[in-house]
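The values are calculated or read from the model by the stated rules, or taken from the named source; none is laboratory data. Keep in mind the model is a prediction, meaning the values are calculated, not measured. Quick reminder, even Gly has a Cβ in these numbers, built from the backbone with ideal geometry, and neighbours come from all protein chains shown. Heavy atoms of the whole protein, side chains included, go into the accessibility calculation; ligands, DNA and RNA do not. Shrake-Rupley method; radii C 1.70, N 1.55, O 1.52, S 1.80 Å.
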Amino acid sequence: LLPLAAACDGLVWGADAFAVQANFALDMTGSGRRVDTSLASLSYETLELSDPTFFAADNHGLVRLFREMNPHGVLRIGGNTSDDTVWGGYKGKMPTYVPRRHGKLLQPHVLKPEGLEALAGFVRATGWKLVFGVNLRIGSPEMALDLAQTVQHLVGDQLLAIQIGNEANNYEHDYAEFDAAWVPYAKVLHDAGLPIAGPDTGANTDWVIEYAKRHAGENVFLSRHYYREAAENGSIPDMLAGDPGFFGEVEQIMRVADQYALPFRISEGNSYYNGGRDGTSNVFASALWGADFMLALAQRGVAGMHFHGGTLLSVETSLGRVAKAPTGGDIVAQRDAQASRYSAIAGSRALGYQQRPLFHGITLAQRFAGAQMLPGQLDAGGANLTAYAAKQGDAVLVALINKDAQRDASVALSGLPHGAKGELMRLRAPALDSRRDVSFAADGHVSADAGGACRIAVPKASAAWVRWA
Ligand code: BDP
């Protein structure tokens with residue numbers, strides 16, 4: 001029944017005969033996109049800088065988790081609060097301004113120099129690069145220039161780019177109006193020698209394409225955001241169903257990005273906007289979603305995926321809401337309560353930090369950093385299963401992500417280097433809705449037979465990652 005099983009000693013589990021039979025045929029002669037080392041990246045609200053002990057060099061727990069996720073990551077500071085913030089270090093005439101969110105009038109947040117200084121220390125401690133968003137809504141290129149120059153002075157060549165405005169599609173009438181507001185900013189920043197990226201739009205692929213056509217030469221990368229849906233409409237089955245329409249848009253953008261030789265980054269995104277959905281964005285299912293989403297982006301040449309997150313306070317404030325963190329529970333629950341629902345990292349300086357389930361999915365995908373994607377033919381056998389392969393130096397990487405809630409899969413791999421030895425890791429948890437006990441850990445070794453074949457069991461709601469040497 002399972003002729004290949006013997007080649008993968010110890011991997012055929014008891015119920016294998018009942019599992020969906022899937023096939024994944026690697027094409028070692030083909031060559032796909034190179035995965036950027038900054039694939040796993042993060043996005044935080046500007047408001048986070050109002051606590052200068054958060055992004056700080058001595059916030060060791062947070063520094064450690066950033067480095068663990070990716071030693072080559074990019075931190076994007078922005079979000080709604082970037083367009084609700086005035087620069088406290090600005091000596092010029094402060095523009096008059098009343099930010100509005102969801103119909104409510106808000107006081108602008110004031111970014112203090114100590115918040116920026118601490119951020120620069122954090123960036124140095126993590127080794128991450130920085131993308132920093134300035135306020136477009138306020139209509140003050142002078143203030144933005146002053147802030148951007150201060151950031152550059154503090155961060156030096158770890159500054160990857162300044163972005164102008166966050167999801168301007170929410171307050172500018174159309175692309176032309178955005179462009180007219182953007183150009184004076186870009187001019188002063190550009191004249192001062194600052195690197196620029198954009199348009200940092202919400203879900204407007206047409207804006208990204210139009211922007212590239214007009215401004216490619218002035219930019220270091222192109223960007224847009226991604227959320228599947230509003231939190232109210234989120235669910236585990238919806239999240240795991242995949243989003244083929246979006247990847248069609250990614251391919252459209254990549255054609256233009258390639259034409260201008262510019263990287264494309266999802267500068268902000270996550271499962272569900274409006275702060276993420278409790279019981280969906282913060283449970284194990286989000287790890288499978290995140291790993292699959294990142295690899296699907298990498299396969300299409302997207303350089304970085306910035307998962308939005310951070311404290312509950314900053315994200316709720318970005319939505320014009322008042323943060324109410326649930327209290328009680330053990331230390332794990334207490335740390336969990338401090339973070340926004342979709343954040344990959346939970347905790348606080350006082351309580352310590354911990355990985356959310358999503359974090360583990362991100363680390364699985366990040367194992368493809370620097371590799372060259374390989375084409376492959378997948379027959380998922382009717383399961384909600386995805387598969388990715390890549391060449392990393394002399395090694396071959398394979399990820400098998402079984403997002404199916406019901407069906408265990410037995411995946412027959414072919415086209416592997418003959419007789420290759422594989423180091424296997426598994427991403428798993430007790431259940432799709434587990435908030436804890438998620439692990440991405442070593443699970444022994446496998447070997448391909450003399451014909452380059454091997455069968456790997458991927459139980460429902462789990463993923464396998466193999467590095468073949
Ligand atoms: C994005 C905003 C960000 C929000 C997020 C959300 O840029 O500030 O926190 O949506 O709704 O549109 O969760």
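Things to note:
Each row is one residue, and each column tells you yes or no for (1) open to solvent by 10 Å² or more (accessible area, probe 1.4 Å); (2) under 23 Å from the mean Cα position of the chain (by Cα); (3) on the phi < 0 side of the Ramachandran plot.
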{"position": "353", "(1), (2), (3)": "yes, yes, yes"}
{"position": "369", "(1), (2), (3)": "yes, yes, yes"}
{"position": "382", "(1), (2), (3)": "yes, no, no"}
{"position": "387", "(1), (2), (3)": "yes, yes, yes"}
{"position": "391", "(1), (2), (3)": "yes, yes, yes"}
{"position": "394", "(1), (2), (3)": "yes, no, yes"}
{"position": "414", "(1), (2), (3)": "yes, no, yes"}
{"position": "425", "(1), (2), (3)": "yes, yes, yes"}
{"position": "442", "(1), (2), (3)": "yes, no, yes"}
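- Screening the candidates 61, 79 for the property of being within 16 Å of the ligand (Cβ to nearest atom) and either among the acidic types (Asp, Glu) or closer than 27 Å to residue 125 by Cβ (or both) yields one hit, 79.
- Matching residues in segment 277-292 - criterion: being part of a helix (DSSP H, G or I) and either open to solvent by 10 Å² or more (accessible area, probe 1.4 Å) or within 13 Å of the ligand (Cβ to nearest atom) (or both): 289, 292
- Within segment 355-365, being open to solvent by 30 Å² or more (accessible area, probe 1.4 Å) and under 13 Å from the mean Cα position of the chain (by Cα) holds for one residue alone: 360.
- Listing of helices (runs of 4 or more DSSP H) fully contained in segment 297-373 that carry 1 or more residues being among the charged types (D, E, K, R) and within 16 Å of the ligand (Cβ to nearest atom): 312-318
- Test: residue in segment 139-159 that is open to solvent by 10 Å² or more (accessible area, probe 1.4 Å), modelled with pLDDT under 95 and away from the ligand (no atom under 16 Å from the Cβ): yes
- Looking at 405, 429, just one residue is within 30 Å of residue 337 (Cα to Cα) and surrounded by fewer than 19 Cβ atoms within 10 Å (Cβ to Cβ), and that residue is 405.
- Qualifying residue in segment 75-98 (condition: open to solvent by 70 Å² or more (accessible area, probe 1.4 Å), at pLDDT 95 or above and in contact with a His (Cβ under 9 Å, 6 or more places away or on another chain)): no
- Residue 437 being of a type in the set (Asp, Glu), open to solvent by 20 Å² or more (accessible area, probe 1.4 Å) and either more than 16 Å from the ligand (Cβ to nearest atom) or not in a loop (DSSP other than H, G, I, E, B) (or both): yes
- Exclusive hit being touching a Lys or Arg at 6+ places or on another chain (Cβ under 9 Å), farther than 19 Å from residue 25 by Cα and crowded, with 20+ Cβ neighbours inside 10 Å, set 410, 340, 318: 318
- Pairs where the first residue, in segment 248-270, is farther than 16 Å from residue 36 by Cα and within 16 Å of the ligand (Cβ to nearest atom) and the second is open to solvent by 20 Å² or more (accessible area, probe 1.4 Å) and modelled with pLDDT of 95 or more, C-beta under 8 Å, 6+ apart: 269/227; 270/227
- Contact annotation: residue pairs with Cβ atoms under 9 Å, 6 or more positions apart or on different chains, pairing a residue in segment 271-290 that is at positive phi with a partner that is among the aromatic types (Phe, Trp, Tyr) and assigned to a loop (DSSP other than H, G, I, E, B), are 275/342; 276/342.
- Per-region count, segment 162-185, residues more than 16 Å from the ligand (Cβ to nearest atom) and under 16 Å from residue 79 (Cα atoms): 1
- Counted residues, segment 43-65 - those being among the aromatic types (Phe, Trp, Tyr) and touching a Phe, Trp or Tyr at 6+ places or on another chain (Cβ under 6 Å): 1
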